[in-house]
Ligand SMILES: Cc1ncc(COP(=O)(O)O)c(C=O)c1O
């Protein structure tokens, strides 16, 4: 006799979809699936879920932030029809902004360090953005790409600098959308939430929503790659800011407490430091066992979810974020030579090395 899904210890699933049409690109952002990760759940005895943010129409979690900062500027009357949106970004935020700008009829201007790949510059240009690659200098230097973006917006009529790191409309977007979606999709049972931070918008917004909805019961943890100060800051109670090593992950890790993270940092319950070896191994494992083709920050998040599950114990429900797909990084993370150059070839379990198909 066939056993029921409940008897197998799995949650009951239905296939869900938007039952009404949505309005353009902006309407298609959010309401992403929550994916049950079966193998890892079985191994830990917990229920581990990944929020499929790679399914946003621009391909990443940053579509939500892009919508949040633009719609906030519209509400405040800072951005009027035909205006210009300016940001300093080398990654997914620029892609999200470029899409939203096309859909809403704004001009998009992106400043980025000139060390970034031609692929990234080309993609933004294909999405209609005006791109300025500028010398890669430290944040303290006025020529840093973030400051150039701010100054460009100041000098342009009807323009805003979206300022993703310190504009709390970013965290607010996750507080209003991602957090409540996770609460609803788990039926109001989330024992643990953990993810890495770049701007901190996702962790701060989702964390605040889950804390409020659970009366403070959801444990919200930060996960940190090498080279970031946040793990040492949180685990030392706000004193140390040790920064050692570097990471192959992109879009995460931070050298300061951004305003977005600052809205929630006092409520963070713990933090985990995740080595690149573990992230790469998980990236290949998720592909092999779950069929998920994910970027390194998502893999790091899933490693952290497993570690949180081990700490909170069997029976707990843990949620993390699957930020984007591997498509934007595939020439690196599936290249044997590149992995070797980073000392990470041996991090891939022997039986999974066949996935590293590029030389
Ligand atoms: C791939 C990826 N993962 C994670 C993050 C971190 O998200 P947040 O900026 O909300 O902390 C980013 C941010 O740019 C990203 O691009």
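The values are calculated or read from the model by the stated rules, or taken from the named source; none is laboratory data. Just so it is clear, the model here is predicted, and its values are computed rather than measured. Note: ideal-geometry Cβ built from the backbone for every residue, glycine included; neighbour counts use all protein chains shown.
Structural remarks
- Members of the range 221-242 found to be under 22 Å from residue 89 (Cα atoms) and away from the ligand (no atom under 12 Å from the Cβ), listed by number: 226, 227, 229
- Top-ranked residue of the range 42-52 - restricted to ones that are in contact with a helix residue (DSSP H, G or I) (Cβ under 8 Å, 6 or more places away or on another chain) and assigned to a helix (DSSP H, G or I), ranked as surrounded by the most Cβ atoms within 10 Å (Cβ to Cβ): 44
- You will find that of 354, 332, the residue that is outside any loop (DSSP other than H, G, I, E, B) and at pLDDT below 95 is 332 and no other.
- Residue check, residue 145 over 20 Å from residue 61 (Cβ atoms), in contact (Cβ under 8 Å) with a residue 12 or more places away in the chain and within 16 Å of the ligand (Cβ to nearest atom): yes
- Residue in the range 125-135 that is within 14 Å of the ligand (Cβ to nearest atom) and either at pLDDT 95 or above or under 22 Å from the mean Cα position of the chain (by Cα) (or both) present: no
- All of 91, 50 fail the test of being modelled with pLDDT under 95 and within 15 Å of the ligand (Cβ to nearest atom), apart from 91.
- Residue in the range 283-301 that is within 12 Å of the ligand (Cβ to nearest atom) and free of Cβ contacts under 8 Å to residues at least 24 places away in the same chain present: yes
- Among the residues of the range 307-326, those identified as in contact with a strand residue (DSSP E or B) (Cβ under 7 Å, 6 or more places away or on another chain) and away from the ligand (no atom under 16 Å from the Cβ) are 307, 308, 309, 312, 316, 317, 318.
- Taken across the range 67-78, residues that are under 15 Å from residue 161 (Cα atoms), surrounded by fewer than 24 Cβ atoms within 10 Å (Cβ to Cβ), in contact with a strand residue (DSSP E or B) (Cβ under 7 Å, 6 or more places away or on another chain) and touching a residue at least 60 places away in the same chain (Cβ under 8 Å) do occur, with at least one present.
- Across the range 171-191, the qualifying residues are those that are closer than 23 Å to residue 272 by Cβ and in a helix (DSSP H, G or I), and the one among them that is farthest from the ligand (Cβ to nearest atom) is 183.
- Residues of the range 251-270 classified as under 14 Å from residue 195 (Cα atoms) and either surrounded by 18 or more Cβ atoms within 10 Å (Cβ to Cβ) or within 16 Å of the chain's Cα centre (by Cα) (or both), total: 8
- Counting only helices (runs of 4 or more DSSP H) that fall entirely inside the range 192-272 and contain at least 2 residues that are within 26 Å of residue 334 (Cα to Cα) and in contact with a helix residue (DSSP H, G or I) (Cβ under 7 Å, 6 or more places away or on another chain), no element qualifies.
- Filtered residues of the range 147-170 (kept if under 24 Å from the mean Cα position of the chain (by Cα), farther than 23 Å from residue 265 by Cα and assigned to a helix (DSSP H, G or I)): 147, 149, 150
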